[in-house]
1. Could you figure out which of (1) more than 60 Å from the chain's Cα centre (by Cα); (2) of a type in the set (A, V, I, L, M, F, W, C); (3) part of a helix (DSSP H, G or I) isn't true of I136?
2. I need the full set of residues from the stretch 291-312 which are under 21 Å from A327 (Cα atoms) and loosely packed, with under 13 Cβ neighbours inside 10 Å, in order please.
3. Tell me the residue from S252, S234, S271 that is open to solvent by less than 70 Å² (accessible area, probe 1.4 Å), within 30 Å of N333 (Cα to Cα) and either out of contact with any strand residue (DSSP E or B) (no Cβ under 7 Å at 6 or more places or on another chain) or modelled with pLDDT of 80 or more (or both), please.
4. Exactly one of these conditions fails for F499: (1) under 30 Å from G632 (Cβ atoms); (2) of a type in the set (F, W, Y); (3) at pLDDT below 85. Give me its number.
5. Being under 20 Å from D48 (Cβ atoms) and crowded, with 16+ Cβ neighbours inside 10 Å is the filter here; which residues of the stretch 88-97 pass it?
6. Please verify whether the stretch 101-113 includes one or more residues that are modelled with pLDDT of 65 or more, open to solvent by 20 Å² or more (accessible area, probe 1.4 Å) and not charged (D, E, K, R).
7. Cβ contacts < 6 Å: first residue at positive phi, restricted to the stretch 303-315; second residue surrounded by 15 or more Cβ atoms within 10 Å (Cβ to Cβ), any location; separation 6+ or different chain. Result?
8. Of the conditions (1) open to solvent by 20 Å² or more (accessible area, probe 1.4 Å); (2) without any contact (Cβ under 8 Å) to a residue 60 or more places away in the chain; (3) closer than 30 Å to S469 by Cα; (4) within 32 Å of the chain's Cα centre (by Cα), Q377 satisfies every one except a single condition; which number is it?
Amino acid sequence: GYITLITPVKKRKKQRQMKCKDRRSGLILTIPLCTEQTSMEELSSTLDYLLSIPSEKCKARGFTVIVDGRKSQWNVVKTVVLMLQNVIPAEVSLVCVVKPDEFWDKKVTHFCFWKEKDRLGFEVILVSANKLTRYIEPCQLTDEFGGSLQYDHMDWVNKRLVFEKFTKESTSLLDELAVINENEKASQPSDSNALPSFDPETVLQTGHELLSELQQRRFNGSEGGGGGGGTAWSPMDDELLAQPQVMKLLDSLREQYTKYQEVCRQRSKRSQLEEIQTKVMQVVNWLEGPGTEQLRTQWGIGDSIRASQALLLKHEEIESQHSEWFAVYVELNQQMAALLSAGDDEDLLELKALQQQLSDVCYRQASQLEFRQNVLQSAHDFHGTAQDLSQQLDGLLGMLCADVAPADGAAIQQTLKHLEEKLKSVEGALQSLREKGQVLLEQISNQSSWFYGKDMQIENKENIDHIHSIMEDMQLRKQRCEDMVDVRRLKMLQMVQLFKCEEDASQAVEWLGELLDALLKTHIRLGDDSQEAKVLLEKHRKFVDVAQSTYDYGRQLLQATVVLCQSLRCTTRSSGDTLPRLNRVWKQFTVTADERQHRLDMASTFHTAADRGSEPGELLDVEVFEEVETVGKALLDRLTIPVIFPDGSEQFFGSPGDMASSAENIRDRMKLVEDKRLQQEEAEH
């Protein structure tokens, strides 16, 4: 094996020390000198460092030192050799000074190293580079001395720096981890958060990479020892010694790091528990403090829908603040559940107690929020229904207070229907108000435990009185409207009767007019004989009775109209022109009926006398004849006279043709009587 070291890197000197093996298996130390000024202090420090690398067993076999003075001055070489006496006299067995060709020949006589062997403690020889193989095997020399040893100085330096860095960091880390683990084991709170100066993972990775490199070099060196003709590169003793040191450090470091990981796990768990406990207490303290205080100040239900809406908005703000803490609760609950599923037995009781405490407080607060939300929502619904009912009652009252001036009975029926629908809607709204009020009263009566320290009886009484007051007020208003609806219904029904009476009275006038028209136009015949005349008289009396009944019915209806108008205080309405029309038609009818009666009476008298005077085999009495003549002429004259109404207007019975036919019939009968009288007179003469 070989060991390669360099002077401190910051100096960037080209001094290089290499250790190989001489023929006595001793280590070889090469000191290359350059043309630049050599610092003896630096060289001495470098030699001290190099001598600290080999083991005592290796150093006991002695050193062969090669001082390469080919590029240096003699006095520098001499100083270096003398310095070896002070630095490593006991370990040096041979010093080979590589001289330049024929350059120092004259100067050597001034200082013969071989004469100073006893004083120096080691043998010094001057030798050319190509003669070094007399003292050292070529396979232990680099190519600059004619050897075959493969050597990369910078690679050696880098690996050595990595080794020393690893050794320093791992040793320091082992001490720190041991202290941390012991303190943790002793449960010293002051050191509970102590952290190592180096990252254990990084140091372990560095050590594994270094060990892998060293093992790879050893493997390559042992494989190529016999087949290279003495040119194979062999690992140096310092690297062989470094492997077990690195392995030992890694083993110790892994052991302490495993303990430290457990310490960290315990720390993390303890820290997590402390953090959870802190957060739990934050949640609990807020919910039982400011959160409860917020709910404590919110007990009213408002006196209107707007007030209850404002309370709902305020409650939403309170719920929003609670939601943030409930979100923390959910997160904490998940963390505690995870710890409980993987926790140690000694942690379970504390965790469960924390979880139970947090759950109790959060669920209690959530139920209080939900209860308050339900109360406010019920209050909002109650006030909304009350407002809707109040508007309906106002609308109904407005209808009831408005003047009623319907055009006819159909309009009255429509108005009545509308009133009934309004009243039914009011009754439904009032029933809904009672139901919602009862729900709200039950909810208010159940609120107690979450109003900490407040006199709930007084506050509940205020809310309860308010609810009862609204329901009672709405009931009274509804009752007043019902009473007014009853009055209005009666009034409307009376108006229906009024319109009906007026309508029927007008109908009676029309009927009476139709009877008059029929009397004038169709009641024309006077009969062909006394018998028919009597039948016509009987029919006329019945016809007059019908007209009388119609007139009486119209009069009664008009009297009822007057009474209804007085009851309704309807001064603007009266019988109008119906009564005058009825009286006028009735007077016209009575005049016409009397005229018809008189004519029928005359016709009956005429036909009776004519029947007696025209009986066969009977002598015509002079009185009968005179009666026939007198009544017949009077009747004929009557037929030519029109009916004169009270207003002075005139109207004839039937058409002129009808009158001519009746007159012709009378004349025929008069002629028959006249003929009989003449025949009788002739017979007498």
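The values are calculated or read from the model by the stated rules, or taken from the named source; none is laboratory data. Not measured: the values here are computed from a predicted model. Note: ideal-geometry Cβ built from the backbone for every residue, glycine included; neighbour counts use all protein chains shown. For the accessible areas, the whole protein counts, side chains as well, though only heavy atoms, and no ligand, DNA or RNA atoms are used. Shrake-Rupley method; radii C 1.70, N 1.55, O 1.52, S 1.80 Å.
1. Of the numbered conditions (1) more than 60 Å from the chain's Cα centre (by Cα); (2) of a type in the set (A, V, I, L, M, F, W, C); (3) part of a helix (DSSP H, G or I), the odd one out for I136 is (3).
2. First, the residues of the stretch 291-312 that are under 21 Å from A327 (Cα atoms): 291-295.
The one that is under 21 Å from A327 (Cα atoms) and loosely packed, with under 13 Cβ neighbours inside 10 Å: E293.
3. Numbers: S252 fails: within 30 Å of N333 (Cα to Cα); S234 fails: within 30 Å of N333 (Cα to Cα).
It is S271.
4. So the condition that F499 fails would be (1).
5. Initial filter on the stretch 88-97 (under 20 Å from D48 (Cβ atoms)): 88-93, 95.
Within the stretch 88-97, I88, E91, V92, S93, V95 meet the criteria.
6. No, there is no match, as no residue in the stretch 101-113 is modelled with pLDDT of 65 or more, open to solvent by 20 Å² or more (accessible area, probe 1.4 Å) and not charged (D, E, K, R).
7. Correct list of pairs: empty, since none qualify.
8. (2)
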